[in-house]
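Student: Can you read through this structure? Questions will come right after.
Each value in this text was obtained by applying a stated rule to the coordinates, not by laboratory testing. Here the structure is a predicted model, which is why all the values come from computation and not from measurement. As a convention, Cβ positions derive from the backbone with ideal geometry for all residues, glycine included, and neighbour counts pool all protein chains shown.
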Amino acid sequence: MQSTSSIDGKLPVFVFPSSLTFYEDDQSSHKQILTLYNPYDFAVKFRVLATSPSKYVVVDPEGVIKARCCVDIVIRHNAIFPSNYGVTDKFRIQMQEYGHSQVAGKRDVLSILCPTKPDSSATLSTDAEQFQQLHPLSSQTSHRRQYSINGGRTSHATGPNFLIIALAIICLIALMLPTTGDDILFHPYLQLSTNQKLIAAYTLGLVTIAIFRT
């Protein structure tokens, strides 16, 4: 994979989730985890900044992420007051290639404090008033296998999640293929660009998390 200079000094920063929502009446939401990914072949340094640093406690707000690794940043909201309801703050994730002082990429993550956590049952009730149920074409449709986004199976699903495993294998194969421009005797259609490999690495990271959480 090419160095950061080949990406015009713009290093894509991969963060999950893209926003944080804290709820005053849900104490479990007062502490949340922000995951930073490094899908590159080199180590990167990161730094977490905030528009309102006095309202938050960030564990290890800066450090180094090894190549093809990720780190979890614990963020705790310590200003759960009514005066902060609806106020949007920002966290800025800055990254630079290890050994370099220039910031190569950045990503902003929004943070907001809400008074109450939405009631899922109330949401379902509202949806039921606006939408009508569709009737299945036949009873055979109930035998299909279903998968949730995080890789978990519903009560009707049987067997391992082959779809996620297959996707992980495909990403691994893509990362092992030569990069476009490498002096290797490979067919052109088997050589991937840097952006394609970045997408494959990011996808592999998400799939790996899904596998470990099942």
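Student: Within segment 36-45, is there a residue that is under 29 Å from Lys197 (Cβ atoms), surrounded by 13 or more Cβ atoms within 10 Å (Cβ to Cβ) and β-branched (Val, Ile, Thr)?
Tutor: First, the residues of segment 36-45 that are under 29 Å from Lys197 (Cβ atoms): 36-45.
Among the residues that remain, those that are also surrounded by 13 or more Cβ atoms within 10 Å (Cβ to Cβ) are: 36-45.
Those still in the list that are β-branched (Val, Ile, Thr) too: 44.
Within segment 36-45, one or more residues are under 29 Å from Lys197 (Cβ atoms), surrounded by 13 or more Cβ atoms within 10 Å (Cβ to Cβ) and β-branched (Val, Ile, Thr).
Student: On to the next question. Regarding Arg47, is this residue touching a Pro at 6+ places or on another chain (Cβ under 8 Å) and in contact (Cβ under 8 Å) with a residue 40 or more places away in the chain? First the steps, then the outcome.
Tutor: Values: touching a Pro at 6+ places or on another chain (Cβ under 8 Å): yes; in contact (Cβ under 8 Å) with a residue 40 or more places away in the chain: yes.
It is true that Arg47 is touching a Pro at 6+ places or on another chain (Cβ under 8 Å) and in contact (Cβ under 8 Å) with a residue 40 or more places away in the chain.
Student: Looking only at segment 56-73, decide whether some residue is of a type in the set (Ser, Thr, Tyr) and without any contact (Cβ under 8 Å) to a residue 40 or more places away in the chain. Lay out the reasoning, then the answer.
Tutor: First pass over segment 56-73, keeping only residues of a type in the set (Ser, Thr, Tyr): 56.
Now restrict to residues that are without any contact (Cβ under 8 Å) to a residue 40 or more places away in the chain: none.
No, that holds for no residue.
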